[in-house]
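Scroll down for the structure; my scribbles are underneath it.
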Amino acid sequence: MKYEKFIIKNFKGIEHIEINLNRSPEANIYSLIGLNESGKTTILEAMNLFTPKNEGLNALDLPGATIEDYNNLIPISKRDNFNGTVSLEVDISVDDDDFKSINNFAKRRTIYKSLKKVNKLTYYKNYNFKDSKFVNLKSTWTGLSGKLLLTDTDFVRISGEPNTLISNFCKSLIPSILYFPNFLFDFPSKIYLKSEALEKEKDLKQEFYCELIQDILFSLDNDTNIKTHIIDRYEGSALDKNDSRNLDILLKKMNKKVTDTVFNAWNEIFKREIKDTEVLIKCDKDEKGIYLEFEIESTDGIYQINERSLGFRWFFTFLLFTQFRPFRKDSPKNVIFLFDEPASNLHSTAQKQLLKSFENLMTNCKIIYTTHSHHLINSNWLESTYVVKNEGLNLDKPEIYNSDATKISISTYRDFATNHPHNTAYFQPILDVLDYTPSNLEMIPNCIFIEGKNDFYALTYFNEIIFDKKYDLNLAPSTGSGNLDSLISLYMGWGKPFIILLDSDKAGNTQKERYIEKFGIFLEDKTFVLSDVDLVWDGFELEKIFFNEDLLSFQKSKFPNSDKYLKKQFNRAIQENLMSKISYEFNEQTNKNIDKLLNFIEVNINRIKKNR
């Protein structure tokens, strides 16, 4: 099974939003961006509220991981007297294997002899309130119908009541949702495998870590389990040397597996090898029971996990929890990990490395994470990036928050940028990532000065991506046609070859004349406007040399809902394709025009180099 869509209504600041994971069906990583207090965390909390099993992270007592009081769900603007329902509606796809399992179970264990083929189930959780007080929770599901035993009737709808045989079986196939508000918690010094607390008091935290131990055993692929191969062997080791030896061998295999898994991932992420360091897993017993103890051994000693640095602890727990969880047998795949501002307290390099580590998680899981850091934005994932907006925020006066106006909405980045092109504060992290920077000027032996970064992106994109680096050019953008004075002075002083390319509009022609007048005849054969390349381009800005229909069609490749050409969106599409190295099939006339311009640039810069 896979999660397809979440519909959330009346949850805290959310009036009604839909999160459609099927919009980008091949995506495994989803980013939620927006201003502080825009509602990113609220969305994760709502998704986590659907957690279908108790095997989530509730046992770890992470602050914010659970909602202890359902009265806190009441919409912020309706707290005075809320008489309504906080609801979650979740669509879950059913593949052929899922349906076969459900159908076989129904035939064996229920009153139905066959089920009607379906490809989706829908689950509902409704939290009902009266006078702003929680009344009850009603859960239902829909989607299945079946033929009754001993009848020839048509298919009848199967009851959506919870805790029936077929309901519980379907629920067992639903993927887990694991919500991490943060990873800043203490890893236990001892994980008890057998204790009175586990057997009598149901210590959920220890049970959670026991499941982690079993996941590590599953990863060994040798059919070992905690009871038979650790507990029983430890208890028998005093009388049987074979038990003691076999337990030692198993613990060494666990040591190696955890060491390799964690530190290989660490080395790949940080591109520096941690040598002579390994994870030690020891088995012992105290007054509470039999336990395993994790330690880190390095050249400078043996340490508890919690004695290491903050960054190490963060990544160790992150890697331990995420790398072994997919090995769990007889457990649904397609787990969803929810991360709220991951690594926000770590330095920028660690954040960038975390982003890379997301790609290394196994493919049968999805990650949804919030961030306001451009270090945690990957331009290749913009199709699955969402912008979260809150009407209660005042962009002009961010310190003022109007709770009565609170209304959280969510849009794909494409839609938001199309419909709110001037609200760039909400997606500033993306713009920061797209702010592509060329090499330092002093490292460039020859240069073509152009008006601004948009021309730089466009010409670089065509040269590198469309024409596969056909021309050997060093482009340097300025901040406008009239701001090249300093660059010209530097290159003249250094004696380095350069040319200037400007638009052939009124501003470009004016500045061409001004530069020649200011710097003399030295610039006469080095300063050009677009009409010097082709007289037809007189009065043109760079985008004018594109075939007209290409402007909107290319823009729509990234902003499909746009209905007219907008310079900002067109240039963002250029930047994204350049960063992601994505090609596009332009009209032949566009390609000819850009090729003509790039060839003109290369011929003239080579002429200047030759005549130095």
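Overview of values
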read-out: Relative contact order (percent, whole number), the chain, Cα cutoff 8 Å, 6+ residue spacing; value: 14
read-out: Ranked packing of 517-529, 490-502, most packed first, by mean Cβ within 10 Å; value: 490-502, 517-529
read-out: Summed side-chain charge close to K40 - residues other than K40 whose Cβ falls under 11 Å, Lys, Arg +1, Asp, Glu -1; value: -3
read-out: FRET efficiency, T228 to S344 (Cβ-Cβ, R0 41 Å, nearest 0.05); value: 0.45
read-out: Debye log10 I(q)/I(0) at q = 0.10, 0.17, 0.21 Å⁻¹ for segment 79-209, Cα point scatterers; value: -0.56, -0.99, -1.12
read-out: Pairs from K352/K389; K288/K366; K171/K366; K205/K285 whose Cα-Cα separation, in the structure shown, is over 27 Å; value: K288/K366
read-out: Inter-centroid distance (Cα atoms) of segment 208-247 relative to segment 443-479, Å; value: 62
read-out: Volume in Å³ per residue [convex hull over Cα atoms, computed for segment 280-355]; value: 164
read-out: Where only C-alpha atoms are counted, convex hull volume of segment 508-612 per residue in Å³; value: 135
read-out: Per residue solvent-accessible surface (Å²) - the chain, probe of 1.4 Å; value: 48
read-out: Taking segment 463-542 and dividing mean pair separation by its residue count, relative contact order in percent (alpha carbons under 8 Å, at least six apart); value: 26
read-out: Relative counts (whole %) of C-alpha pair distances in segment 1-144, using bins that are 5 Å wide; value: 2, 8, 15, 18, 18, 15, 11, 8, 4, 1, 0
read-out: Convex hull (Cα only) mean projected area of segment 472-555, reported in nm² to one decimal; value: 6.6
read-out: Simple Cβ-charge dipole of the chain, Lys/Arg +1 and Asp/Glu -1, about Cα centre, in debye nearest 20; value: 1200
read-out: Degrees, to the nearest 10: 310-324 long Cα axis against longest axis of the chain; value: 70
read-out: Table column - 3J(HN,Hα) (Hz), segment 132-143, Karplus curve with 6.51, -1.76, 1.60, x for Gly and Pro; value: 6, 10, 5, 9, 6, 10, 10, 10, 9, 8, 9, x
read-out: Relative contact order (%) - criterion: Cα under 8 Å, at least six apart; region: segment 111-194; value: 22
read-out: Stokes-Einstein D for the chain, Kirkwood Rh over Cα pairs, 10 °C, 1.306 mPa s (µm²/s); value: 55
read-out: Accessible area of the chain belonging to carbon and sulfur atoms, whole % at 1.4 Å probe; value: 46
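The values are calculated or read from the model by the stated rules, or taken from the named source; none is laboratory data. All of these numbers come straight from a predicted model, not from anything done at the bench. Note: ideal-geometry Cβ built from the backbone for every residue, glycine included; neighbour counts use all protein chains shown. Heavy atoms of the whole protein, side chains included, go into the accessibility calculation; ligands, DNA and RNA do not. Shrake-Rupley method; radii C 1.70, N 1.55, O 1.52, S 1.80 Å.
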